[in-house]
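A.B. asks: One structure follows; several queries about it will come next.
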Amino acid sequence: MNAADEEKNIEGLIKLDFMKMLDGFPVRESVDEKVIRELQSMSLPSNAVIVAGYPKTGSHFLLQILGQLNFRRLYDIG
């Protein structure tokens with residue numbers, strides 16, 4: 001899929017109210033803008049990794065990998 005096709009698909013999802021644009025990035029319509037703003041304003045170390053996902057998207061698997069790499073976890077943000 002080329003960039004033009006991807007942009008067309010995103011536009012279609014926006015028209016269906018499935019996605020919206022937030023700061024130039026496509027996000028699910030259900031994403032709370034307040035939570036995004038809180039994440040953006042957090043003071044984090046330069047090596048911090050934020051893992052955000054939806055159920056059944058592999059985020060738990062990614063967290064396990066990061067744990068094996070000795071990353072510490074901060075769970076409750078919002």
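A.B. asks: Under a Cβ-Cβ cut-off of 14 Å, what is the net charge of the residues other than Ser30 that fall near it, where Lys and Arg count +1 and Asp and Glu count -1?
C.D. replies: -1
A.B. asks: Right, something else. Do any GluC sites (Glu not before Pro) in the chain lie in a DSSP loop with no more than 15 other beta carbon atoms within 10 Å, and if so, which?
C.D. replies: Sites meeting the loop and neighbour criteria: Glu29.
A.B. asks: Starting from 0.36 nm per residue, how many nanometres of slack lie between Lys8 and Ser43 once their C-alpha separation is accounted for?
C.D. replies: Gain in length upon complete extension: 9.0 nm.
A.B. asks: Test of understanding: express the Cα radius of gyration of the chain as a ratio to 2.2 N^0.38 Å, with N the residue count.
C.D. replies: Ratio of Cα Rg to 2.2 N^0.38 Å: 1.34.
A.B. asks: Would you work out the relative contact order for the chain, in percent, from Cα pairs under 8 angstrom that are 6 or more residues apart?
C.D. replies: 13
A.B. asks: A further question follows. Quick one: Met19, Met42, Met1, fewest Cβ neighbours within 10 Å first, how do they rank?
C.D. replies: So the ranking, lowest neighbour count to highest, is Met1, Met42, Met19.
A.B. asks: Let me ask you something else. Grab the DSSP H runs of the chain that are 4 residues or longer, score each as -39,500 (n - 2.57), total them, divide by all residues and round the 222 nm result to the nearest 500 deg cm²/dmol.
C.D. replies: Mean residue ellipticity at 222 nm (helix-derived): -12500 deg cm²/dmol.
A.B. asks: Would you work out the charge dipole size for the chain about its Cα centre, treating the Cβ of every Lys and Arg as +1 and the Cβ of every Asp and Glu as -1, and quote it to the nearest 20 debye?
C.D. replies: 340
A short reminder: the numbers here are calculations on the coordinates, not readings from a lab. Just so it is clear, the model here is predicted, and its values are computed rather than measured. Here the Cβ is made from the backbone with ideal geometry for all residues, glycine too, and neighbour counts use every protein chain on show.
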